[in-house]
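What follows is a single structure, written as structure tokens, with notes after it.
The values are calculated or read from the model by the stated rules, or taken from the named source; none is laboratory data. Predicted model only: the values in this text are computed from it and were never measured. Backbone-built Cβ (ideal geometry, glycine too); neighbour counts: all protein chains shown.
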Amino acid sequence: DGGITQSPKYLFRKEGQNVTLSCEQNLNHDAMYWYRQDPGQGLRLIYYSQIVNDFQKGDIAEGYSVSREKKESFPLTVTSAQKNPTAFYLCATRGRFTEAFFGQGTRLTVV
Amino acid sequence: AQSVTQPDIHITVSEGASLELRCNYSYGATPYLFWYVQSPGQGLQLLLKYFSGDTLVQGIKGFEAEFKRSQSSFNLRKPSVHWSDAAEYFCAVGGPFSDKLIFGTGTRLQVFP
């Protein structure tokens, strides 16, 4: 079954805690993206990666970190430095000359 | 700088009425343009895309969009809206080589019976 898998669907974080969101793909796409979605603000780019072992900051990278050790995987860590992490997080992949394909998202809530 | 503007935050239409959602972009090269739709709590589904060629593109669910280079616009249209079209719609711009993909802030569509 081809596609993008984000896990978990819901995640709760305590103050001062780091959490990691998973994104896995079997579409053999080179590029992977992480977006944050807040009501009324659309999708804001956190990080993206066009190739294994390389990634670039997006518009709101502060308080987040990523790795790209395998083509299939692009996990996002929300660190304690991110002061307002409650949001809906979307992972996407894209091949050359194609559109972006999205996972079903992870809703992160600070408790 | 690369950017997308969707000037309409919220649009309300009656079922059966026509629809046009506006999208203006800023991009330094030939743009690849997309429209996506999102239901609450879900990921995004592609409605249509423009890469090159015919500037009027057809998509799924009866949607179409027209690329106007002179106006830097890529407006989405549908001749007759159905209640199931109620959702949030996003316009996006990027290049061809799996590079940065930027989205607008979205337009929420409400459909009245």
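Any residue in the range B:69-78 that is among the aromatic types (F, W, Y), within 14 Å of another protein chain (Cβ to nearest Cβ) and in contact (Cβ under 8 Å) with a residue 40 or more places away in the chain? Break it down stepwise before answering.
Quick first cut of the range B:69-78, residues among the aromatic types (F, W, Y) only: B:74.
Next cut, within 14 Å of another protein chain (Cβ to nearest Cβ) only: B:74.
If we keep only those that are in contact (Cβ under 8 Å) with a residue 40 or more places away in the chain as well, we get B:74.
Scanning the range B:69-78, I find at least one residue that is among the aromatic types (F, W, Y), within 14 Å of another protein chain (Cβ to nearest Cβ) and in contact (Cβ under 8 Å) with a residue 40 or more places away in the chain, so the answer is yes.
Can you find even one residue in the range A:83-94 that is within 13 Å of chain B (Cβ to nearest Cβ), in contact (Cβ under 8 Å) with a residue 60 or more places away in the chain, of a type in the set (D, E, K, R) and at negative phi? For the range A:83-94, residues within 13 Å of chain B (Cβ to nearest Cβ), in contact (Cβ under 8 Å) with a residue 60 or more places away in the chain, of a type in the set (D, E, K, R) and at negative phi: present.
Taken as a whole, the structure leaves B:V81 outside the set of residues that are touching a Leu at 6+ places or on another chain (Cβ under 9 Å), at pLDDT 95 or above and not in a loop (DSSP other than H, G, I, E, B).
Candidates are the residues of the range A:99-111 that are surrounded by fewer than 18 Cβ atoms within 10 Å (Cβ to Cβ) and facing another protein chain (nearest Cβ under 8 Å); the one that is nearest to A:Y10 (Cα to Cα) is A:R107. Within the range B:5-25, restricting attention to residues that are farther than 23 Å from A:F102 by Cα and surrounded by 13 or more Cβ atoms within 10 Å (Cβ to Cβ), the residue that is nearest to the chain's Cα centre (by Cα) is B:E20. Condition (residue is within 11 Å of chain A (Cβ to nearest Cβ) and touching a helix residue (DSSP H, G or I) at 6+ places or on another chain (Cβ under 9 Å)) applied to the range B:48-60: is it met by at least one residue? Yes, that holds for at least one residue. Screening A:L90 against (1) within 27 Å of A:K14 (Cα to Cα); (2) exposed (fewer than 14 other Cβ atoms within 10 Å of the Cβ); (3) not small (G, A, S) leaves a single unmet condition, (2).
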